[in-house]
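Reading through the structure tokens given below for one structure.
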Amino acid sequence: MARSLSVARVRVGLDKQGEYLSALRELAALASKRGQHIWVFKSQRTPDTFLEFSESPTPMSHRNLASRTPEEIRLEQRLHNVAAYDNEAGDLWEEVPLDILSET
């Protein structure tokens, strides 16, 4: 089954970036135990802007859809308290294996 990915553009004030990254680090550690991955990239041009990538083995196991532990819920709330997520942060993208493309 194809992997699922979400990409979120996130704005975080310079004074809140330490808290944002700390919460994301904790969430990524919990997510890895479920086979999920979280990566974050910071814009070089706009220092308050990040891209957050969240990957899971299936859509239903993705952090946007899967049931969460109380600790994961707390961390997600902490992230939303210090960061502004764009409107499309919850969109899921599904991997298209390239070997399928060669068969069409």
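The values are calculated or read from the model by the stated rules, or taken from the named source; none is laboratory data. All of these numbers come straight from a predicted model, not from anything done at the bench. Heads up, the Cβs are rebuilt from the backbone with ideal geometry, glycines too, and the neighbour counts pull from every protein chain shown. With ligands, DNA and RNA removed, areas are computed over all heavy atoms of the protein, side chains included. Shrake-Rupley method; radii C 1.70, N 1.55, O 1.52, S 1.80 Å.
When the helix-only estimate is applied to the chain (DSSP H runs of n ≥ 4, each -39,500 (n - 2.57), divided by the residue count), what is the mean residue ellipticity at 222 nm, nearest 500 deg cm²/dmol? Kindly include the intermediate steps, with their values, before the conclusion.
Values: 3 runs with 33 residues, N = 104.
So the calculated ellipticity at 222 nm is -9500 deg cm²/dmol.
Projecting the Cα positions of Ser56, Leu79, Leu98 onto the charge dipole of the chain (unit charges on Cβ atoms of Lys, Arg, Asp and Glu, taken about the Cα centre) puts Leu79 furthest along the positive direction. Here the relative contact order of the chain, from alpha carbon pairs under 8 Å that lie six or more residues apart, stands at 45 percent. In vacuo Debye scattering of the stretch 1-45, one point per C-alpha: log10 I(q)/I(0) at q = 0.29 Å⁻¹? Cα-only, vacuum Debye calculation for the stretch 1-45: -1.19.
Here the chain is treated with +1 on each Lys and Arg Cβ and -1 on each Asp and Glu Cβ, and its dipole about the Cα centre works out to around 400 debye.
For Ser32, Ser6, write out the residues from largest to smallest accessible area, computed with a 1.4 angstrom probe and no ligands counted. Walk me through the numbers before you get to the answer.
Numbers: Ser32 70, Ser6 5 Å².
I get Ser32, Ser6, largest accessible area first.
Note on surface exposure: Asp15, Asp91 rank Asp15, Asp91 by accessible area, highest first, 1.4 Å probe.
Computed from point charges on the beta carbon alone (+1 for Lys and Arg, -1 for Asp and Glu), the dipole magnitude for the stretch 1-57 about its Cα centre is near 140 Debye.
Helix 17-32 and the longest principal axis of the C-alpha atoms of the chain enclose an angle of approximately 40°. Rounded to the nearest angstrom and listed largest first, the equivalent-ellipsoid semi-axes of the chain from its Cα gyration tensor are 26, 17, 11.
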